[in-house]
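A short worksheet on the structure shown next.
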Amino acid sequence: MRLIKTSSLPFLFLFLLILPIIGTAQQRKPNVLFIFADDQRADALGINGNPYIQTPTIDQLGREGSRFSNAYVMGGVHGAICMSSRAMLFSGKNLYKVHDQLSGEHTMTMSFASAGYRTFGTGKWHNEKEMFEASFQEAKNVYLGGMADHYDLPLRDYGADGKLGEPTQKGYSTEQFAQAAVDFIKDHGKRNTDQPFFCYVAFTAPHDPYSPEANYINFYPDGTLPLPGNYMPYHPFEFDQLTVRDENLTGWPRKPEVIQMILSDYYALVTHLDTQIAKILNALKETGQYDNTIIVYAADNGLAAGSHGLLGKQSLYEHSSKVPLIIKGPGVPQDQELDAFAYIHDLYPTLADLAGIPDPQDIDGISLVPVIKGEQDGVRDALYTSYKHTVRAVRNKKYKLIRYPERDYTQLFDLENDPLEIHNLAELSEYQDKKAEMLQLMQQWQEAFQDKIKLTADVIKPMGYDPDTLVRTPDRWQPEYTLKRYFEVKDK
């Protein structure tokens, strides 16, 4: 039997005293703060290489964590891409499993609640109301719907029955959502509990209408921002409804000065959003919860904003399907840029993995944690996207093929040398083998996802169109600011 020296007893006593504290710290699960922007293209961030936009808070998050340069939404089944995107995010399933509905799914926050998390939601919910109520224990300032006036959003809170009450207007949406998150985080800090939280903050910015908060109007003066490198006055061919949703904001041709106006408003929405995110992060820091919180910053889809003669997200070009994705927190390396292919619906299993809760079952998303920790280069070697029945795309590290079944038309881009997707290689003789190879890859992914759309439709429609016949009207959500700016002035 080994004897313990008397001189060691004080140290042994101290170790035994702090052992429970060490054990508690090791077992304490991290909080999760999930910040979701609406319609933010991946390059509308300073840290993603944009020297014109001011996003210091999000940029700092990127430096403190890992960011994915090839994160995508898989697509949508109609013009409201965000409905499909959010259904995929919360279910962890691909587009062909959920389309745009969550009913009957076991959602991401349900899994965290089952693991003992306190769940809270604020902001936009563009799926079924009942599924929000089933997915969150607490809620404040919730908006049920898609496009809406940022100044006049109908916001709902939970009642005593745990159901969303009647809507009321409270003020500018970005600030209302941020304040709800701040209040929740401060309340959680006051509880001084080991129970972790999952806080979901879904902003409606920078989705149109392009009406920045009053103090941010003219933050980027008109004409000071350069046009996108792939700006075009018209999309070169018709492939779907060219007057859908966002596309109505200005006429044809897309005048350079109007695109610059749109960018001024769009960037102002993002910069204001950045200031409100700073308030949320400061609440974490002030309450001592920042270091033990996994923070995700992402968006539901991208936006054209003048690229390829388009304004919206109803296409499969990079600007519309690629999204920003930053993950920061315990176990995540700092200032790391990763080029692995990621889908929005990978975030469900990724967060479960990082938080140490049971792996979700019957999902299609794949945990990105092995990539984040440097154990793997990626979780897939190609990526497939789709829009309605009219467009399909597949890409690998170098090439991207876009197919328009109803037009029997194909685009092939070398993304390494042509990231703006300007030069179509599909008809060049020297690229026919590559075109065939990428088309075969598309068919393989189609089969894997059980996508039944024929890559050449039975009836082929014309690609040509007359822009002078396109009629646009303002939708009912446009406030006075955008009506005067985009519908009464520049089209005279």
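Details
- Filtered by the rule that a residue be buried (at least 23 other Cβ atoms within 10 Å of the Cβ) and either modelled with pLDDT under 95 or of a type in the set (A, V, I, L, M) (or both), the stretch 333-353 gives Ala342, Ile344, Leu347, Leu351, Ala352.
- Extreme residue, surrounded by the most Cβ atoms within 10 Å (Cβ to Cβ), among residues of the stretch 101-143 that are of a type in the set (Lys, Arg) and within 18 Å of Asp161 (Cβ to Cβ): Lys140
- Taken across the stretch 26-37, residues that are buried (at least 20 other Cβ atoms within 10 Å of the Cβ) and under 17 Å from Asn127 (Cα atoms) do occur, with at least one present.
- Note on the stretch 60-119: residues that are under 26 Å from His389 (Cβ atoms) and part of a loop (DSSP other than H, G, I, E, B) total 16.
- Asp451 meets the conditions (1) within 30 Å of Tyr231 (Cβ to Cβ); (2) acidic (Asp, Glu); (3) surrounded by 18 or more Cβ atoms within 10 Å (Cβ to Cβ) in every case but one. The failed one is (1).
- Residue check, Asp300 outside the structural domain of Gln444 (by TED's automatic domain parsing), within 26 Å of Gly49 (Cβ to Cβ) and either at pLDDT below 95 or in contact with a Cys (Cβ under 8 Å, 6 or more places away or on another chain) (or both): yes
- Residue in the stretch 87-97 that is closer than 27 Å to Gly329 by Cβ, assigned by TED's automatic domain parsing to the domain that holds Gly123 and without any contact (Cβ under 8 Å) to a residue 60 or more places away in the chain present: yes
- Taken across the stretch 240-255, residues that are under 21 Å from the mean Cα position of the chain (by Cα), over 23 Å from Phe487 (Cα atoms) and not in a helix (DSSP H, G or I) do not occur at all.
The rows are residues; the columns are (1) under 23 Å from Ala113 (Cα atoms); (2) touching a residue at least 24 places away in the same chain (Cβ under 8 Å).
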| residue | (1), (2) |
| --- | --- |
| Asn127 | yes, yes |
| Met131 | yes, yes |
| Lys163 | yes, yes |
| Thr168 | no, no |
| Ala178 | yes, yes |
| Asp183 | yes, yes |
| Phe197 | yes, yes |
| Ala205 | no, yes |
| Asn218 | no, yes |
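- Extreme residue, surrounded by the most Cβ atoms within 10 Å (Cβ to Cβ), among residues of the stretch 211-234 that are of a type in the set (S, T, N, Q) and part of a loop (DSSP other than H, G, I, E, B): Ser211
- Members of the stretch 86-117 that are aromatic (Phe, Trp, Tyr) and touching a Pro at 6+ places or on another chain (Cβ under 6 Å): Tyr117
- Filter result for the condition that a residue is surrounded by 20 or more Cβ atoms within 10 Å (Cβ to Cβ), modelled with pLDDT of 95 or more, in a loop (DSSP other than H, G, I, E, B) and not assigned by TED's automatic domain parsing to the domain that holds Ile81, over Glu416, Glu406: Glu406
- The one condition in (1) modelled with pLDDT under 95; (2) surrounded by fewer than 16 Cβ atoms within 10 Å (Cβ to Cβ); (3) of a type in the set (A, V, I, L, M, F, W, C) that Val459 fails to fulfil: (1)
The values are calculated or read from the model by the stated rules, or taken from the named source; none is laboratory data. In this text the structure is predicted, and so the values were computed from the model without any measurement. So basically every Cβ, Gly included, is an ideal-geometry build from the backbone, and we count neighbours across all protein chains shown.
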